[in-house]
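Structure first, then comments.
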Amino acid sequence: MPDTFTAIDFETAQGKRWSICQIGLIRVEKGQVLHELDILVKPPGNEYHYMNTQVHGISADKTRHAPTFNLVWDRISPFIEGQNVVAHNAAFDCSCLKQTLEFYGLQVPEYNRHCTYQLYKRKLNELCSQYNISLSHHNALSDARACASLYLRHLHANNVSAVRAF
C-alpha cells in the first residue's frame, strides 16, 4: 500500500556515515501518522566533528548517556524491514543506515526505498517554505515529519489513496 510507509532522517556526528547521533522516524499507515520516534544515539566513541555539531546542534554532552545504535535497532527495525522507507536524499540516509548496521555487525534488511528529493528535485527547506510545512531543519524528527508530509502530498497529487496527515 503506497500510503503506508516510514519516513526517516538521520543526523551524524562526523563525516562517517556510521556515526548516527539522532534518528527521526515517522510511521504512516493508510495516510495517518501512527508513530513518531525521536532518538538520540551515542555514536562510536561519542566523537563529534565541530562542523556537524554546528549544523544540528548535537554534541557529545547530549549523547554521553544515550544508547548506542545497536541498542535501539530493535525499536526501529519493524518500521524499516520489508517496508516502504522514504527519506529526503535517500542516498544519504539509506547509506547511513547500511553503514551503521554493518559497523555493529547487524544484518542489513530489505526494504523499498523512496526519495522525496528525487521526486521534487529541490532542497527540503525550500520545499517546506513553498508548501508551508513547519521545519526545524537538521533536527531528525522535524526533517522526517517534513519528508512524510511531502511524500503524502506527492501521493495525493498522483491520485494515490492518501489522507493528509499534517
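Name the single residue, out of those in region 20-31 being at pLDDT 95 or above and out of contact with any Phe, Trp or Tyr (no Cβ under 8 Å at 6 or more places or on another chain), that is nearest to Ser149 (Cα to Cα). Full working, then the answer.
Residues of region 20-31 that are at pLDDT 95 or above, as a first pass: 20-29.
Keeping just the survivors that are out of contact with any Phe, Trp or Tyr (no Cβ under 8 Å at 6 or more places or on another chain) gives 26, 29.
On the way: Ile26: 10, Glu29: 13 Å.
Among those that are at pLDDT 95 or above and out of contact with any Phe, Trp or Tyr (no Cβ under 8 Å at 6 or more places or on another chain), it is Ile26.
Using the structure shown, decide if Asp3 is surrounded by 16 or more Cβ atoms within 10 Å (Cβ to Cβ) and at pLDDT below 95. Spell out how you get there, then give the answer.
Details: surrounded by 16 or more Cβ atoms within 10 Å (Cβ to Cβ): yes; at pLDDT below 95: yes.
It is true that Asp3 is surrounded by 16 or more Cβ atoms within 10 Å (Cβ to Cβ) and at pLDDT below 95.
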Does any residue in region 108-125 that is within 19 Å of Ile80 (Cβ to Cβ) come within less than 7 Å, Cβ to Cβ, of a residue that is among the hydroxyl-bearing types (Ser, Thr, Tyr) and in a helix (DSSP H, G or I) six or more places away or on a different chain, and which pairs are these? Pro109/Ser77; His114/Tyr151; Thr116/Tyr151
Looking at (1) surrounded by 15 or more Cβ atoms within 10 Å (Cβ to Cβ); (2) more than 15 Å from Ile26 (Cα to Cα), which one does Val85 not meet, given that it meets all the others? (2)
Condition first: under 21 Å from Asn84 (Cα atoms) and among the hydrophobic types (A, V, I, L, M, F, W, C). Now tell me which residues in region 21-36 satisfy that. Ile23, Leu25, Ile26, Val28, Val33, Leu34
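Considering only residues of region 88-108 that are aliphatic (A, V, I, L, M) and touching a strand residue (DSSP E or B) at 6+ places or on another chain (Cβ under 8 Å), which is nearest to Phe5 (Cα to Cα)?
Taking region 88-108 as the starting set, the residues that turn out to be aliphatic (A, V, I, L, M) are 90-91, 97, 101, 106, 108.
Narrowing the set further to residues that are touching a strand residue (DSSP E or B) at 6+ places or on another chain (Cβ under 8 Å) leaves 90-91, 97.
Values: Ala90: 14, Ala91: 17, Leu97: 16 Å.
Residue satisfying both the conditions and the ranking: Ala90.
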Filter result for the condition that a residue is under 22 Å from Ile39 (Cβ atoms), touching a residue at least 12 places away in the same chain (Cβ under 8 Å), surrounded by 17 or more Cβ atoms within 10 Å (Cβ to Cβ) and over 16 Å from the mean Cα position of the chain (by Cα), over Phe103, Phe79: Phe103
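The values are calculated or read from the model by the stated rules, or taken from the named source; none is laboratory data. No experiment lies behind these values; they were computed from the predicted model shown. Cβ sites come from the backbone with ideal geometry, for glycine too, and all protein chains shown count toward neighbours.
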